[in-house]
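See below for the structure under consideration.
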Amino acid sequence: MTAVQGSDVDITTEDGVADAYLAHPADGLPHPGVLFYQDAYGIRPHLKAMADRLAGEGYTVLLPNVFYRSGRTPVFDLPEFIDPSADPTIWQQIMPVMSSLTPELSVRDSGAYLDWMVGNPLVADGPVAITGYCLGARLAVRTAAAFPDRIAAAGGFHGGQLVTEDAESPHLLADRITAELYFGFADQDQSMTEEQIRTFEQALTGAGVRNTCEVYPGAGHGYTQADTPAYSAEAAERHWDALLGLLKRTF
């Protein structure tokens with residue numbers, strides 16, 4: 001693993017200023033860029049540690065606060081170990097904020113994040129990759145569809161609601177995507193059923209998108225998040241292998 005430096009940065013968007021965390025190899029040289037989309041709980045020490053681990057593999061990683069319209073990090077008042085079953089008020093904080101991030105706003109923001117990466121000397125020239133968790137997997141699909149020439153690859157892990165009845169369902173964007181996609185689903189995740197996974201994979205394959213969709217047995221929604229009860233060490237390590245494999249294939 002390469003030595004890593006991390007810092008807090010601000011990104012100007014059309015609607016304000018998004019705070020973010022930037023992690024990169026400590027050599028100060030440009031490296032391939034990875035846009036890291038958070039889960040619903042937001043930027044916190046665990047996500048920063050994940051960004052650092054990815055940067056240690058030779059990437060410049062940008063982790064933006066996608067909920068910046070509701071405040072700077074930390075947006076929510078959360079304990080170190082996040083267990084909604086022990087404190088139902090956690091989701092009472094999160095749901096209105098998450099619902100306010102519409103597809104239109106998320107795409108507008110993603111353009112600002114990508115522009116910022118292009119202008120940063122620590123990010124190598126050329127397309128970037130995305131990794132996204134939970135709602136971040138949906139953001140990864142929307143960004144890959146909105147900016148096909150700027151995204152080389154996108155990974156999504158324990159993503160939910162990628163197939164819905166809504167006219168803006170992420171799976172309906174498949175024909176706009178040129179990046180290679182990898183999705184690691186959890187077989188214990190009710191936000192993405194077997195039928196929905198099958199529909200999602202068929203949409204990607206039918207549109208000619210290079211993709212791999214796998215289901216992790218025994219894993220639940222949030223399996224990469226070590227500061228929650230959903231964490232699975234085995235599934236999390238499988239995710240790292242899959243993500244790094246995707247990046248090596250596409251950069």
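Rounded, prolate or oblate: which one fits region 169-251, using the alpha carbon gyration tensor with axes a ≥ b ≥ c (rounded when a/c is under 1.5, else prolate when a/b beats b/c, else oblate)? Cα axes put region 169-251 in the oblate bin. Rolling a 1.4 Å probe over the protein chains gives Phe81 an accessible area of about 110 Å².
Debye-formula intensities of region 70-201, expressed as log10 I(q)/I(0) at q = 0.14, 0.17, 0.21 Å⁻¹, are -0.72, -1.02, -1.33 (one equal scatterer per alpha-carbon, no solvent).
Using a 1.4 angstrom probe on the protein heavy atoms only, line up Ser99, Ser169 by accessible area, largest first.
Working: Ser99 80, Ser169 0 Å².
Ranked list, largest accessible area first: Ser99, Ser169.
Kindly state, to the nearest 0.05, the FRET efficiency for Gln188 paired with Arg69, given R0 = 30 Å and r defined as their beta-carbon distance. Before the final figure, lay out the partial values.
Numbers: r = 32 Å, r/R0 = 1.07.
Efficiency, rounded to the nearest 0.05: 0.40.
The residues of region 115-251 present an accessible area of 43 Å² per residue when probed at 1.4 Å with all protein chains retained. Normalised Debye scattering of region 13-69 at q = 0.13, 0.15 Å⁻¹ gives log10 I(q)/I(0) of -0.33, -0.43, counting only Cα atoms as equal scatterers and leaving out solvent.
Relative to the compact globular guide of 2.2 N^0.38 Å, what is the alpha carbon radius of gyration of the chain, as a ratio? All intermediate terms of the calculation are to be shown ahead of the outcome.
Working: Rg = 16.7 Å, N = 251, 2.2 N^0.38 = 18.0 Å.
Compared with the compact-globule rule of thumb, the chain sits at 0.93.
Taking Rh as the Kirkwood radius computed over C-alpha pairs, what is the Stokes-Einstein D of region 123-177 at 25 °C in a medium of viscosity 0.890 mPa s, expressed in µm² per second?
Roughly 216 µm²/s, to the nearest whole number.
By a 1.4 Å probe calculation restricted to protein chains, Asp77 has an accessible surface near 130 Å², given to the nearest 10.
Sorting Met192, Met95 by accessible area puts them as Met95, Met192; the probe is 1.4 Å, largest comes first, and only protein heavy atoms count. Taking region 24-47 and a reference point 7 angstrom along Cα→Cβ of Val17, the backbone N atoms nearer than 19 Å belong to 43. Secondary-structure-derived ellipticity at 222 nm for the chain, considering helices only, amounts to -10500 deg cm²/dmol, per-run term -39500 (n - 2.57) for DSSP H runs with n ≥ 4.
Converting phi to 3J(HN,Hα) with the Karplus coefficients 6.51, -1.76 and 1.60 and the offset θ = phi - 60°, region 202-208 yields 5, 5, 5, 5, x, 8, x Hz in sequence order, with x at every glycine or proline. Close amide-amide hydrogen proximity is noted between Thr212 and Leu181, Tyr182, Phe183, each under 5 Å apart and 5 or more residues distant or on a separate chain (H modeled in the peptide plane; Pro and chain starts excluded). Accessible area per residue (1.4 Å probe, heavy atoms of protein chains only) ranks His24, His46 as His46, His24, with the largest value leading. Note on Tyr231: accessible area approximately 90 square angstrom, rounded to 10, probe 1.4 Å, nucleic acids and ligands left out. Summarising the label geometry, the points placed 7 Å from Cα in the beta-carbon direction at Glu80 and Arg176 lie 4.3 nm from one another.
The values are calculated or read from the model by the stated rules, or taken from the named source; none is laboratory data. What you see is a predicted model; the values in this text were computed from it and never measured. Virtual Cβ from ideal backbone geometry, glycine too; neighbours counted across all protein chains shown. Accessible surface is based on the protein model in full, side chains and every heavy atom, while ligands, DNA and RNA are left aside. Shrake-Rupley method; radii C 1.70, N 1.55, O 1.52, S 1.80 Å.
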